[in-house]
Amino acid sequence: MNYRHAYHAGNFADVIKHLILIDLLYLLERKEAPFCYIDTHAGRGYYDLQSEQSNKTNEYTHGIEKIIQQPNPPVLVQRYLDCIHKINNQLTHSHYASLRYYPGSPLIAKQVIRPQDKIIACELQPDEYQALKNTFAGDKQMAVHHTDGFLGLKAFLPPKERRGLILIDPPYEDTNEFIRLAQTLPAALKRFETGIYAIWYPLKDKKSAEQFYQSLKKTISQPILAVELTIYPDLPNHLNGSGMVIINPPWHFNDNLASLLPWLWKALTINQQGEYRSFALN
Ligand SMILES: C[S@@+](CC[C@H](N)C(=O)[O-])C[C@H]1O[C@@H](n2cnc3c(N)ncnc32)[C@H](O)[C@@H]1O
């Protein structure tokens, strides 16, 4: 396990992933009943954009930094920016909204959930787990586990609340991750068939994504929506874009995307390259 998210925090792929995460959480909040958010690959909680790792790649300058500079962002983007500003204000003990830290998925979710909701976060890498544990020390809404996220799915599904969102965000250090996902998801859905599952994946070559879609179509009967955003052309061995597969997408999820995707692509594209699309897989 060599992957460290600190090199990538706040990049264009984080931006779309976290916008979709916030959208799904708000859609769950249309009902008063509590829900559980499960983050299978949670990371360390937040990332210092002035760290050595972040400075080495500067990926955030093509992601969150561009978004912050856009005039008149749509409502969903404004909610996301509010989360980022709030966390920066808390961590820097200042009311001046700067961009020093970038929150990871569990800390973003923590800003959005209500007192009746819960978060279960899994992280396998020991240092990242320890940092995550420290971030949420004493927080009764959060359960942080030092465990394999795929095994966590077995252990934590179905959640006691019987309503929930599961974010699956593996590092894809090797291509087996797609196979592991395709094997794990049907079992997870068997345990919790009405859950909303949001799975992030890289768009490096079109073939891997296409094979992933085919394997999901074969084994999953629930509705599946795929969302793709690319900002580069089809370059070989390069992160040209990223996708999210949403299983059991909530009512109206697609409506918000219809205005978000063109706005995001315009804000993030490199020289008008790449494209965006969302489509049903089944
Ligand atoms: C892409 S990062 C997560 C980013 C985070 N979800 C966010 O959006 O801010 C993937 C994380 O998964 C961790 N990881 C790798 N293999 C894992 C596994 N089998 N189970 C749980 N965590 C794992 C890595 O250490 C890394 O922190």
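Results, tabulated for the structure shown:
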{"item": "Residue within segment 88-110 that is outside any helix (DSSP H, G or I), free of Cβ contacts under 8 Å to residues at least 40 places away in the same chain, over 19 Å from PHE253 (Cα atoms) and among the aliphatic types (A, V, I, L, M) present", "result": "yes"}
{"item": "Selection status of ASN11, away from the ligand (no atom under 12 Å from the Cβ) and either surrounded by 18 or more Cβ atoms within 10 Å (Cβ to Cβ) or under 22 Å from ALA267 (Cα atoms) (or both)", "result": "no"}
{"item": "Filter result for the condition that a residue is closer than 27 Å to CYS36 by Cβ and either touching a Ser or Thr at 6+ places or on another chain (Cβ under 8 Å) or of a type outside the set (Ser, Thr, Tyr) (or both), over GLU177, GLU173", "result": "GLU177"}
{"item": "Subset of segment 233-282 [at pLDDT below 95 and touching a Ser or Thr at 6+ places or on another chain (Cβ under 6 Å)]", "result": "LEU257"}
{"item": "Sole exception among (1) among the small types (Gly, Ala, Ser); (2) surrounded by fewer than 16 Cβ atoms within 10 Å (Cβ to Cβ); (3) assigned to a strand (DSSP E or B) for SER221, by number", "result": "(3)"}
{"item": "Any hit, segment 116-138, residues being part of a loop (DSSP other than H, G, I, E, B), of a type in the set (Val, Ile, Thr) and under 24 Å from ASP23 (Cβ atoms)", "result": "no"}
{"item": "Residue list for segment 190-215, restricted to those being buried (at least 21 other Cβ atoms within 10 Å of the Cβ) and in a helix (DSSP H, G or I)", "result": "PHE212"}
{"item": "Subset of segment 14-35 that is in a loop (DSSP other than H, G, I, E, B) and in contact with a helix residue (DSSP H, G or I) (Cβ under 9 Å, 6 or more places away or on another chain) - its residue that is nearest to the ligand (Cβ to nearest atom)", "result": "PHE35"}
{"item": "Evaluation of LEU49 against (1) surrounded by fewer than 16 Cβ atoms within 10 Å (Cβ to Cβ); (2) touching a Leu at 6+ places or on another chain (Cβ under 8 Å); (3) not acidic (Asp, Glu) (one fails), failing number", "result": "(1)"}
{"item": "Members of segment 100-139 that are within 18 Å of the chain's Cα centre (by Cα) and of a type in the set (Phe, Trp, Tyr)", "result": "TYR101, TYR102, TYR129"}
{"item": "Answer residue from segment 129-169, given it is among the acidic types (Asp, Glu) and farther than 25 Å from ALA182 by Cβ and is nearest to the ligand (Cβ to nearest atom) among those", "result": "ASP139"}
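The values are calculated or read from the model by the stated rules, or taken from the named source; none is laboratory data. In this text the structure is predicted, and so the values were computed from the model without any measurement. Positions of Cβ are generated from backbone atoms using ideal geometry, with glycine treated the same way; all protein chains shown enter the neighbour counts.
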